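What follows is a set of notes on a single structure, which appears directly below.
Values in this text are rule-based calculations from the coordinates and carry no lab data. All of these numbers come straight from a predicted model, not from anything done at the bench. Virtual Cβ from ideal backbone geometry, glycine too; neighbours counted across all protein chains shown.
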Amino acid sequence: MSEGVVLYGRGLVKRFGATVALGGVDLDVRRAEAVAIMGPSGSGKSTLLHCLAGIMKPDAGEVVLQGGRIDGMRERDRSALRRTRFGFVFQFGQLLPELPAEENVALPLMLGGTPRREAVARAREWFGPLGLAGMEGRRPGELSGGQAQRVAIARALVTGPAVVFADEPTGALDRTTGHATMRLLVEATGHNGASLVVVTHDPEVAAACDRVVEVRDGFVVAAGGQHGGFHAGQQAVQQFGQQFGQQAGLHAGQQAGLHGGFHAGAGPVMGASGGAGGVGGGPVEGRAW
Ligand SMILES: Nc1ncnc2c1ncn2[C@@H]1O[C@H](COP(=O)(O)OP(=O)(O)O)[C@@H](O)[C@H]1O
Ligand SMILES: [Mg+2]
C-alpha cells in the first residue's frame, strides 16, 4: 500500500450473468482526497462504488480499507463497517420522510448505540456549517432538493467516516444548486479528514475534485494523477467556489472557509486518520462552520 492510501481496490471483477460490469479495476483512494468517477451510463461506475464500499461483493479482486481486507467479510460485518467507517450520499430519496432533519442526521449515530439525546445534539452541530440553520425540525418533504442533499451530507459525515461515497449526488438538482452542493460536499469531506469517491456526469463537478477516474465498459481507461491531468484540484475548488458560492445562499463563514480558513484534518472528526478519535466530535469545532 503506497503512502497515504486509505482504501484501495485491486483487480475488481463483477459480472451480472453475461454482463461484465467490472473487468478488472484497480483504484487507490488517498486520505482526504476527492476522486471523481466519470463515464457513460452502464460503464460500471455504480458497481465500482458498490464494491469499494462493501455494498457488493466482487467476484474477484480485493478491497482493502486501512490495511484490512473488507471484500470477503460477511454481510453483517460489512453492514457494521458501512455504518461506522463509510458515509453515503445518493441521488435523492435517502432521507426518512417521517423523521425531522436532525433525526435523519442523527440516525447513523443512534444505530451505532449513541443515546438519542447525544446523537441529536451532535447532529445539530452540522446544520449551521452546512447552511441549514433553522431547518433542524423540518421533515424532508419541507426541504428543497439542495437542502435535503445537505442534510444527507451531514448524515454521511456525522460518524467521522474514513470515506464518503456519493453516486450522482447532484443528479436531481438544477445546475447551480448542484454545483453549490457539490462544493460543500468536497469541502466538508476534505476538512473532516474524509476521502470522497463521487460518481458524476458533470465535468465542472469533477473539476472540483482532486482526481478524475474515467471508466469505460468495466475498465478504468484514464486516471488523472493527484493534482494533475484533468485540473489542478485545489485551484479548481477555489474557482468552483468563487463561481458558485455566491448563489448558494451560504453565510460568510463558509465563503471564508473556501479560501483557506481551515486546514484538512483540523477538526475533531478524524475518521480517516486511522481510527483514533473517529467518533465523538462534530464539524470542525471552533471554526467558522
Ligand atoms: N443488479 C444488476 N443486475 C444485472 N445487471 C446489472 C446490475 N447492476 C448493474 N448491472 C449492469 O452492469 C453494467 C454496469 O452497471 P452500473 O455499474 O450500474 O453502470 P453505471 O453506474 O456506470 O451506469 C450495466 O450493463 C448494468 O446493466
Ligand atoms: Mg450508476
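For residue 48, the requirement of being within 16 Å of ligand 1 (Cβ to nearest atom), of a type in the set (A, V, I, L, M, F, W, C) and either buried (at least 16 other Cβ atoms within 10 Å of the Cβ) or not in a loop (DSSP other than H, G, I, E, B) (or both) is met. Looking across the stretch 105-130, the residues that are under 17 Å from residue 184 (Cβ atoms) and buried (at least 21 other Cβ atoms within 10 Å of the Cβ) come down to 105, 123, 126, 129, 130.
Determine which member of the set 176, 189, 200, 159 is under 21 Å from residue 100 (Cα atoms) and touching a residue at least 60 places away in the same chain (Cβ under 8 Å). It would help to see each step written out before you state the result.
On the way: 176 fails: under 21 Å from residue 100 (Cα atoms); 189 fails: under 21 Å from residue 100 (Cα atoms); 200 fails: under 21 Å from residue 100 (Cα atoms).
Just one listed residue meets the conditions, 159.
Annotation note: Cβ proximity below 6 Å between a residue of the stretch 1-30 that is in a strand (DSSP E or B) and a residue that is within 14 Å of ligand 1 (Cβ to nearest atom) and among the charged types (D, E, K, R) (sequence gap 6+ or interchain) occurs for 13/59; 14/59; 15/59; 21/14; 22/14.
Select, from 171, 141, the only residue that is within 16 Å of ligand 1 (Cβ to nearest atom), in contact (Cβ under 8 Å) with a residue 40 or more places away in the chain and farther than 28 Å from residue 4 by Cα. Break it down stepwise before answering.
Values: 141 fails: within 16 Å of ligand 1 (Cβ to nearest atom).
Answer to the selection: 171.
When 61, 39, 17 are checked against the criterion of being over 30 Å from residue 138 (Cα atoms), within 12 Å of ligand 1 (Cβ to nearest atom) and surrounded by 17 or more Cβ atoms within 10 Å (Cβ to Cβ), 39 stands alone in meeting it.
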